[in-house]
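I have placed the structure first, in the form of structure tokens, so that the comments after it can refer back to it.
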Amino acid sequence: MENMSCTIFYPLLLLLFSCACMSEVQQEENGVQTERTEQLNVEDSGAGLTSDELQQRFLTGIKTELAELRYTVRSLKDRLEVTEEQLRRKEYKVAFAATLGPIGNLGPFNTEITLVYKDVFVNDGRAYNPTTGIFTAPVKGVYFFTLSGHNRSSKAMGLRLFKNGQQVVTIYNHPLGDRYDTGSNSISLTLEKGDHVYVRLRQNTWVFDNENDHTSFVGHLLFSH
């Protein structure tokens, strides 16, 4: 009985081992065939082309990649310029507004004086000096200024806006009797960094202000260059 079992078992084991070996060999042959097929596909893509045609195809591919690279670089440059402009605009916040305050009548004087607007409502950027009355541009750009003046018209009122010692615009109220009058003017100016803007009271004229803040000097940066 034992001899019969051995007679059946060993041939069966040999058969199974042979099948396993054949399966492994078949997988290796399939892998080689796949690799060969891929190689043939690559070779076929250039089959029939001359060396000049292959070189032209290669150069065309390079040109396409360079064009895409240039577009990417240009897009990044544009985005960077926009970001720099946004940062520059955020960096410079310049605006001020001030009045003479409750001083009553100021003047007349026998010489022209620079008005000092001491009641400051806003001074973002600290470009206006409430001690001297002078605005100093912190950056090159276009600025907008407004000045107003109030007085009793029994005497004349004359205000002049200056840029670096040169008159720009004026306000002038002629004597018209014993009543109060108000005048105003405004202008946009291109300023270099460090330029000075201020208001002067003409000689032999006067100006008035009180707690109602009639007489003011206002300015702000529109945009920088």
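The values are calculated or read from the model by the stated rules, or taken from the named source; none is laboratory data. Source: prediction; values computed, not measured. Glycine gets a Cβ as well: all are built from the backbone with ideal geometry, and neighbour counts include every protein chain shown. All accessible areas refer to the heavy atoms of the entire protein, side chains included, with ligands and DNA or RNA removed. Shrake-Rupley method; radii C 1.70, N 1.55, O 1.52, S 1.80 Å.
Just to be sure before I move on: is Leu147 open to solvent by less than 10 Å² (accessible area, probe 1.4 Å), in contact (Cβ under 8 Å) with a residue 12 or more places away in the chain and in a strand (DSSP E or B) in the structure I sent? Steps first, please.
Details: open to solvent by less than 10 Å² (accessible area, probe 1.4 Å): yes; in contact (Cβ under 8 Å) with a residue 12 or more places away in the chain: yes; in a strand (DSSP E or B): yes.
It is true that Leu147 is open to solvent by less than 10 Å² (accessible area, probe 1.4 Å), in contact (Cβ under 8 Å) with a residue 12 or more places away in the chain and in a strand (DSSP E or B).
Any residue at all in the stretch 153-164 that is closer than 27 Å to Ser224 by Cα, open to solvent by less than 20 Å² (accessible area, probe 1.4 Å) and part of a strand (DSSP E or B)? Lay out the reasoning, then the answer.
Keep residues of the stretch 153-164 that are closer than 27 Å to Ser224 by Cα, which gives 160-164.
Narrowing further to those that are open to solvent by less than 20 Å² (accessible area, probe 1.4 Å): 161-162.
Next, only the ones that are part of a strand (DSSP E or B) stay: 161-162.
Yes; the residues of the stretch 153-164 include at least one that is closer than 27 Å to Ser224 by Cα, open to solvent by less than 20 Å² (accessible area, probe 1.4 Å) and part of a strand (DSSP E or B).
What number of residues in the stretch 173-225 are of a type outside the set (Lys, Arg) and within 23 Å of Val120 (Cβ to Cβ)? Before you say what the answer is, go through the steps one by one.
Our first condition is that a residue be of a type outside the set (Lys, Arg); within the stretch 173-225, this holds for 173-178, 180-192, 194-199, 201, 203-225.
Then drop every residue that is not within 23 Å of Val120 (Cβ to Cβ), which leaves 182-189, 191, 194-199, 201, 206-222, 224.
Final tally of qualifying residues: 34.
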TODO: State yes or no: is Val122 at negative phi and more than 28 Å from the chain's Cα centre (by Cα)?
DONE: no
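Taking the stated definitions as given, is Ala127 open to solvent by less than 70 Å² (accessible area, probe 1.4 Å) and touching a Pro at 6+ places or on another chain (Cβ under 7 Å)? Give the steps one after another, and end with the answer.
Working: open to solvent by less than 70 Å² (accessible area, probe 1.4 Å): yes; touching a Pro at 6+ places or on another chain (Cβ under 7 Å): yes.
Here the answer is yes, as Ala127 does meet what is asked.
Considering only residues that are aliphatic (A, V, I, L, M) and under 22 Å from the mean Cα position of the chain (by Cα), which ones fall in the stretch 125-152?
Initial filter on the stretch 125-152 (aliphatic (A, V, I, L, M)): 127, 134, 137, 139, 142, 147.
Answer for the stretch 125-152, where residues must be aliphatic (A, V, I, L, M) and under 22 Å from the mean Cα position of the chain (by Cα): Ala127, Ala137, Val139, Val142.
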- [ ] With the checklist (1) open to solvent by less than 60 Å² (accessible area, probe 1.4 Å); (2) touching a strand residue (DSSP E or B) at 6+ places or on another chain (Cβ under 7 Å); (3) within 19 Å of Val94 (Cα to Cα) in hand, flag the one item Pro138 doesn't pass.
- [x] (2)
TODO: Given the conditions (1) under 31 Å from the mean Cα position of the chain (by Cα); (2) of a type in the set (A, V, I, L, M, F, W, C); (3) surrounded by 18 or more Cβ atoms within 10 Å (Cβ to Cβ), report the number of the one that Leu100 does not fulfil.
DONE: (1)
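In the list Val168, Val116, Val197, which residue meets the criterion of being open to solvent by less than 60 Å² (accessible area, probe 1.4 Å), out of contact with any Gly (no Cβ under 9 Å at 6 or more places or on another chain) and either modelled with pLDDT of 95 or more or closer than 23 Å to Ile103 by Cβ (or both)?
Details: Val116 fails: out of contact with any Gly (no Cβ under 9 Å at 6 or more places or on another chain); Val197 fails: out of contact with any Gly (no Cβ under 9 Å at 6 or more places or on another chain).
Answer to the check: Val168.
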Open item on the list: Checking Asn212 against (1) modelled with pLDDT under 95; (2) more than 19 Å from Asp119 (Cβ to Cβ), only one condition comes out false. Which one?
Closed with: (2)
Open item on the list: Which count do you get for residues in the stretch 95-142 that are part of a strand (DSSP E or B), within 27 Å of Tyr180 (Cα to Cα) and in contact with a Lys or Arg (Cβ under 6 Å, 6 or more places away or on another chain)?
Closed with: 1
